[in-house]
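Structure first, commentary second.
Derivation of every value follows stated rules applied to the coordinates shown; laboratory data play no part. This structure is a prediction, so every number in the text was calculated from the model and none was measured. Cβ atoms come from the backbone with ideal geometry, glycine included; neighbour counts cover every protein chain shown.
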Amino acid sequence: MAEPREDMSAFESVTFFFNEVADQVGLDDQTREVLSGTYREIRVQIPLRRDNGSVETLYGYRVQHNGARGPYKGGVRYHPSADLDEVRALAALMTWKTAVADVPFGGAKGGIKVDPTALSLTEQERMTRRFMGQVSYIVGVNRDIMAPDMNTNAQTMAWMMDAYGQRAGHSPGIVTGKPVELGGSLGRDAATGRGVVMVTNEAVSDAGTSPDRLTMAVQGFGNVGSWTARLAAADGYRVVAVSDVGGAIHNPRGLNINDLMDHLRDSGSVAGYPDSEALTNEELLELDVDVLVPAALGEVITKSNADRIKAQWVAEGANHPVTPVADRMLVDNGVVVIPDILANAGGVTVSYFEWTQNIQQFSWEEDRVNAELGKHMRTAYQQVRDYGRARSCDLRHAAFAIAVERVATAAHLRGYV
Ligand code: GLU
């Protein structure tokens, strides 16, 4: 079996996991070649007129990885690290994620290499509309559907929908994660965090314990991290530490997450919250907690800190937070890693519900959304767990194996290979 290298790029890392599993499930060489590559990749230039009249030249990307199981699907991130390799890696993860969650989509991802915190709201709007205009000929309600990701949100989706609609006519199904007022689904905002908590609950219950006996630390307090912390606390976990770009806070007796949300609204960061001690984001990862949820950037658990992770469960709220070398170290140390393509699949699952509601021009009540999400997440978790038990492999390799088999079957049935 090939050894992972710590200097692999994000796409090389995802391909490494894919190749390990392709060996395990005995994928033939031709199918392996089709599934490891991407279908289409575009880079577009985005000249952005700043509010002061100057023009900044930005670059945006959309990568469609595989569409055998349905229209391409995946978010768009605004981040200085977004480049073709990262977007390609995240697009491939979306193919495997939609397959594990068993929603009828392929995988795609987009990004603009930019620091959006340096842009005003009107600059963000101009940039978003121009990006959508430039990729509009490769997306479509039945072709490729975008959604929020890092530093993008419901407002971003509203601009995208409007920009696309100016060409194609009213098309709410062109994006998911929209504001509810424009056809977004109830429950979509919380869905990724809710899914993280649902699968974590399944994993801890398999180990014979329950949330009220466990502590949790959450790295990142954006959409995924903040909802994970809130819903985990509501389910009984003692959430002892959270963080954002401003730093981490720790209180061994547990944080009052609702109170913390007020502090965040007033001050702009979780840092400085009273009744807590300050930590760095790196220190948070190494806390002596039961459950660790990395829900911020990619590649935060690496060869250099994996041996210091004390959590029993690592639930990947973020995409690709653990490098392949670190993944082996965690597994060797007996840590149960719930992989991104399972743990954070709740977002795209409710995106699927949103898309179906848009197509039917009908909206579901929130209870129905959450109940259907629960069914998908529990089924996905149980299938992955059972596959892993039957073949003595960890959850990541089990999840990849199920996904690769599903996508390969669809590709064969269509006659791709
Ligand atoms: N960006 C999210 C993810 O990485 C959601 C994608 C979607 O809803 O299409 O899973």
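Determine the gain in length on full extension of the stretch residue 213-residue 137; use 0.36 nm per residue of separation and subtract their C-alpha separation, reporting nm with one decimal.
22.2 nm
In terms of the Cα gyration tensor, with a ≥ b ≥ c the square roots of its eigenvalues, is segment 75-171 rounded because a/c is under 1.5, prolate because a/b exceeds b/c, or oblate?
oblate
Considering the dipole of segment 1-86 built from charges on the beta carbon (Lys and Arg +1, Asp and Glu -1) around the Cα centre, which of 2, 48, 18 is farthest to its positive end?
48
Using θ = phi - 60° and the Karplus relation 6.51 cos²θ - 1.76 cosθ + 1.60, list the HN-Hα couplings for segment 310-318 in order, rounded to whole Hz, with x at every Gly or Pro.
Coupling constants for segment 310-318: 9, 5, 7, 10, 10, 9, 7, x, 7 Hz.
When Lys and Arg each count +1 and Asp and Glu each count -1, what net charge do the other residues less than 12 Å away from residue 402, Cβ to Cβ, add up to?
Taking every Cβ under 12 Å from that of residue 402, the sum is +2.
Tell me, 127, 146 in order of fewest to most beta-carbon neighbours within 10 Å?
Lowest count first: 127, 146.
Between 388, 256, 236, whose Cα lies farthest towards the positive end of the dipole of the chain when Lys and Arg beta carbons carry +1 and Asp and Glu beta carbons carry -1, centred on the Cα centre?
388
Residues in segment 108-129 near a label at residue 51, defined as backbone nitrogen under 13 Å from the 7 Å Cα→Cβ point?
Residues 117-126 fall inside that zone.
With charges only on Cβ, +1 for K and R and -1 for D and E, what is the dipole size of segment 179-222 about its Cα centre, in debye, rounded to 20?
Here segment 179-222 has a charge dipole of around 40 debye.
Give me the Debye-computed log₁₀ of I(q)/I(0) at q = 0.09, 0.10, 0.11, 0.15 Å⁻¹ for segment 23-151, equal point scatterers on Cα only, no solvent, two decimals.
Those come out to -0.28, -0.34, -0.40, -0.69, one per q.
Can you run the Rg to Rh ratio on the chain? Use alpha carbon positions and the Kirkwood inverse-distance Rh.
0.95
Could you give the dipole magnitude of segment 264-339 about its Cα centre, charging the beta-carbon of Lys and Arg +1 and that of Asp and Glu -1, in debye to the nearest 20?
In total the dipole reaches around 220 debye.
Principal axes first, then extents: for the Cα atoms of segment 105-260, list largest minus smallest coordinate on each axis, whole Å, largest first.
For segment 105-260, the Cα extents along the three principal axes come out at 54, 34, 26 Å.
With runs of 4+ DSSP H residues as the only contributors, calculate the mean residue ellipticity of the chain at 222 nm using -39,500 (n - 2.57) per run, divided by the residue total and rounded to the nearest 500.
It lands at -15000 deg cm²/dmol.
Looking at segment 135-223, what % of the alpha carbon pairs are farther apart than 18 Å?
55
If we count other beta carbons within 10 Å of each Cβ, what is the order of 351, 392, fewest first?
Listed from fewest to most nearby Cβ atoms, that is 392, 351.
Defining a contact as two alpha carbons under 8 Å apart and six or more residues distant in sequence, what relative contact order in percent does the chain show?
So the answer I get is 17 percent.
If you plug each phi of segment 337-354 into the Karplus form 6.51 cos²θ - 1.76 cosθ + 1.60 with θ = phi - 60°, what whole-Hz ³J(HN,Hα) values come out, in order, with x for Gly and Pro?
Each residue of segment 337-354 in turn: 9, 8, x, 3, 5, 9, 4, 9, 6, x, x, 6, 5, 6, 4, 4, 4, 4 Hz.
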